[in-house]
1. Would you please name the residue that is farthest from residue B:16 (Cα to Cα), looking only at residues in the range B:181-193 that are out of contact with any Phe, Trp or Tyr (no Cβ under 8 Å at 6 or more places or on another chain) and either polar (S, T, N, Q) or surrounded by 14 or more Cβ atoms within 10 Å (Cβ to Cβ) (or both)?
2. Scan the range C:55-69 and give yes if some residue there is of a type in the set (A, V, I, L, M), outside any helix (DSSP H, G or I) and either modelled with pLDDT under 85 or closer than 26 Å to residue C:121 by Cβ (or both), otherwise no.
3. Which residue is farthest from the other protein chains (Cβ to nearest Cβ), if the candidates are limited to the range C:35-65 and must be more than 28 Å from residue A:60 (Cβ to Cβ) and touching a Leu at 6+ places or on another chain (Cβ under 9 Å)?
4. Looking only at the range A:151-203, count how many residues are polar (S, T, N, Q) and under 28 Å from residue B:73 (Cβ atoms).
5. For residue C:191, are the conditions met, namely being in a helix (DSSP H, G or I), under 30 Å from residue C:25 (Cα atoms), at pLDDT below 90 and away from chain A (no Cβ under 14 Å)?
6. Taking the range B:153-162 on its own, how many of its residues are more than 11 Å from chain C (Cβ to nearest Cβ) and crowded, with 24+ Cβ neighbours inside 10 Å?
7. Among the residues that make up the range A:155-164, is at least one of them modelled with pLDDT of 95 or more and among the aromatic types (Phe, Trp, Tyr)?
8. Can you confirm whether the range A:81-94 contains a residue that is of a type outside the set (Gly, Ala, Ser), buried (at least 17 other Cβ atoms within 10 Å of the Cβ) and closer than 27 Å to residue C:50 by Cα?
Amino acid sequence: MDTIIEYINISGSFVFAVSGALIAMKKRLDPFGVLIVAFITAVGGGTLRDILIDRQVFWLYNTSIIYTVLIGATVAMIFKSKMNFFTKPIFFYDALGLGLFSITGVQIGLEAGLSSSICILLGTVTGVFGGVIRDIVVNRIPVVFKKEIYATASILGGFLYLILIKLNVPNPYSQIIPILFIIIIRLTAVFFNVSLPSIYKRQ
Amino acid sequence: MDTIIEYINISGSFVFAVSGALIAMKKRLDPFGVLIVAFITAVGGGTLRDILIDRQVFWLYNTSIIYTVLIGATVAMIFKSKMNFFTKPIFFYDALGLGLFSITGVQIGLEAGLSSSICILLGTVTGVFGGVIRDIVVNRIPVVFKKEIYATASILGGFLYLILIKLNVPNPYSQIIPILFIIIIRLTAVFFNVSLPSIYKRQ
Amino acid sequence: MDTIIEYINISGSFVFAVSGALIAMKKRLDPFGVLIVAFITAVGGGTLRDILIDRQVFWLYNTSIIYTVLIGATVAMIFKSKMNFFTKPIFFYDALGLGLFSITGVQIGLEAGLSSSICILLGTVTGVFGGVIRDIVVNRIPVVFKKEIYATASILGGFLYLILIKLNVPNPYSQIIPILFIIIIRLTAVFFNVSLPSIYKRQ
């Protein structure tokens with residue numbers, strides 16, 4: 001179980017570091033600023049989760065996270081032009097991170113003995129807040145408030161994960177399926193421009 | 001004692017959820033964004049307080065807070081137009097939350113054995129920070145920095161609470177009086193446009 | 001050892017309170033807003049550090065920090081015009097705070113038994129984040145993302161501190177030397193407009 005969380009933390013940190021670095025480069029920050037934004041994006045959500053449930057902050061005794069972020073940000077800086085083979089590369093890396101981190105958040109909540117609704121909320125915090133802090137720091141409107149489905153994907157994925165566990169689906173399938181589910185929902189929402197129904201009258 | 005804090009937490013979360021939802025709707029966020037901003041507003045100050053004094057975060061083992069926020073945000077979305085019987089509905093709900101949460105903050109500080117000045121500061125953090133985080137997230141100038149008296153009301157209320165306790169005023173009067181005091185100061189300041197004296201020369 | 005940290009905390013809080021107050025006055029906040037921004041700037045970085053490593057928040061049981069911030073902010077408000085004998089007074093106080101707090105951050109990390117790279121990171125968090133939160137709150141682009149060397153100075157100073165400790169340089173020289181080193185690098189960078197090489201093509 002723990003090694004799966006370790007793998008997810010590393011790969012989630014990598015993709016969020018790339019997404020953070022790409023947004024920082026869009027804002028033309030210097031190399032150091034790019035690194036800091038990459039770091040904040042990668043560890044922000046998990047750090048808030050760990051502080052909330054008073055668990056040891058996940059990157060504090062695990063230098064591999066720091067090096068992963070360093071590598072992710074450097075890769076993004078070097079291959080910047082080459083990463084454009086996705087039309088919207090930032091959305092792509094961001095969706096991967098959302099899927100990976102949302103499910104670890106729920107899992108860590110379950111291990112801490114929290115109730116189902118709080119676990120799903122903790123998954124959303126883990127998946128969403130790195131991006132929210134990143135957007136606040138670079139003075140962008142948080143992506144979570146944009147039109148397309150974002151936090152909703154994280155919540156639906158958390159539900160699916162809890163159902164799969166209830167159905168005794170074995171590891172690592174119980175994790176991989178909702179992770180892919182979140183990524184697919186998010187990417188579909190971006191590419192087909194799907195959003196929640198409006199609560200405002202037309203103007 | 002604890003049940004009073006519980007009541008105050010629930011009612012404070014409700015009114016701050018309404019105030020957060022109303023501001024989010026002013027910014028025309030989608031239903032989910034409204035929910036997130038309502039949640040951040042309702043639990044932000046108390047969460048920061050609990051993290052600072054290393055106390056269990058108040059909504060983590062208490063799902064009634066989550067449901068209260070859900071109900072508050074939903075009520076605000078449904079009755080949006082009908083809430084305008086107050087000229088400035090956001091200020092109204094915000095003032096209620098400021099009063100309720102400031103006093104719980106002081107009380108929790110006292111229970112943790114902190115000194116009087118730190119208790120008053122903790123009350124201000126509890127009452128004010130939900131709104132500050134809300135305003136940062138929706139990219140508004142924090143209400144606390146606006147002209148009218150805001151944090152000052154929380155501090156004066158905290159002082160009054162400590163005095164009432166020294167005078168052995170019994171529960172729940174020792175709490176209700178300073179809560180009403182903060183609400184009245186804040187609403188009076190808004191309606192009559194009272195602000196602190198300026199430290200800048202006229203231009 | 002502990003008394004040195006205590007001295008550094010007090011003097012760092014003082015200079016950061018002054019820098020925070022000066023920036024708040026530039027934004028023409030009322031006296032209370034100036035005080036809050038001074039407080040956030042002074043304690044923000046150290047608070048985040050203490051929360052991350054689950055250490056008692058440094059100002060919670062130490063009212064002298066609160067009074068130091070009060071004095072720093074008041075001094076800044078009273079002597080505002082007279083502080084302009086430095087061309088760029090904010091940069092000056094900010095550089096002092098960066099040097100003082102970066103080194104305490106590394107030291108506290110070492111005492112908590114963290115690895116060298118995490119200690120340097122913790123020093124940067126302590127030195128940099130008060131200013132980052134201050135800038136987010138007053139809606140300024142965080143100084144750390146500006147062109148001139150900032151976080152880089154904190155990291156280099158942290159390295160130097162670890163080297164001096166390895167070389168058994170005695171207290172308080174092992175602390176004073178890297179503190180001055182950071183301040184000098186930062187001030188030199190500002191006055192001579194030194195920045196990291198750009199990673200972007202000329203436009």
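The values are calculated or read from the model by the stated rules, or taken from the named source; none is laboratory data. Just so you know, these numbers come straight off a predicted model, no measurement behind them. Neighbour counts run over all protein chains shown; Cβ positions are idealised from the backbone, glycine included.
1. Narrowing the range B:181-193 to residues out of contact with any Phe, Trp or Tyr (no Cβ under 8 Å at 6 or more places or on another chain): B:181-185, B:188, B:191-193.
Now restrict to residues that are either polar (S, T, N, Q) or surrounded by 14 or more Cβ atoms within 10 Å (Cβ to Cβ) (or both): B:181-185, B:188, B:193.
Working: B:181: 18, B:182: 15, B:183: 13, B:184: 17, B:185: 18, B:188: 19, B:193: 22 Å.
Per the stated criteria, the residue is B:193.
2. Pass one, the range C:55-69, residues of a type in the set (A, V, I, L, M): C:57, C:60, C:65-66, C:69.
Restricting the remaining residues to those that are outside any helix (DSSP H, G or I) gives C:57, C:60.
Imposing the further condition that a residue be either modelled with pLDDT under 85 or closer than 26 Å to residue C:121 by Cβ (or both) reduces the set to C:57, C:60.
Yes - at least one qualifying residue is present in the range C:55-69.
3. Within the range C:35-65, the first condition is being more than 28 Å from residue A:60 (Cβ to Cβ), and the residues that meet it are C:35-38, C:63-64.
Applying the additional criterion that residues be touching a Leu at 6+ places or on another chain (Cβ under 9 Å) yields C:35-38.
On the way: C:35: 9, C:36: 6, C:37: 8, C:38: 13 Å.
Looking at residues that are more than 28 Å from residue A:60 (Cβ to Cβ) and touching a Leu at 6+ places or on another chain (Cβ under 9 Å), I get C:38.
4. Start the filter on the range A:151-203 by keeping residues that are polar (S, T, N, Q), which leaves A:152, A:154, A:168, A:171, A:174-175, A:188, A:193, A:195, A:198, A:203.
Retained after the next criterion (residues that are under 28 Å from residue B:73 (Cβ atoms)): A:152, A:154, A:188, A:193, A:195, A:198, A:203.
Selection size over the range A:151-203: 7.
5. On the way: in a helix (DSSP H, G or I): yes; under 30 Å from residue C:25 (Cα atoms): yes; at pLDDT below 90: yes; away from chain A (no Cβ under 14 Å): yes.
When the stated conditions are applied, residue C:191 passes them.
6. Start the filter on the range B:153-162 by keeping residues that are more than 11 Å from chain C (Cβ to nearest Cβ), which leaves B:156-162.
Pick out the ones that are also crowded, with 24+ Cβ neighbours inside 10 Å and you get B:157-158, B:161.
Residues meeting the conditions: 3.
7. Scanning the range A:155-164 turns up at least one residue that is modelled with pLDDT of 95 or more and among the aromatic types (Phe, Trp, Tyr).
8. No - not one qualifying residue is present in the range A:81-94.
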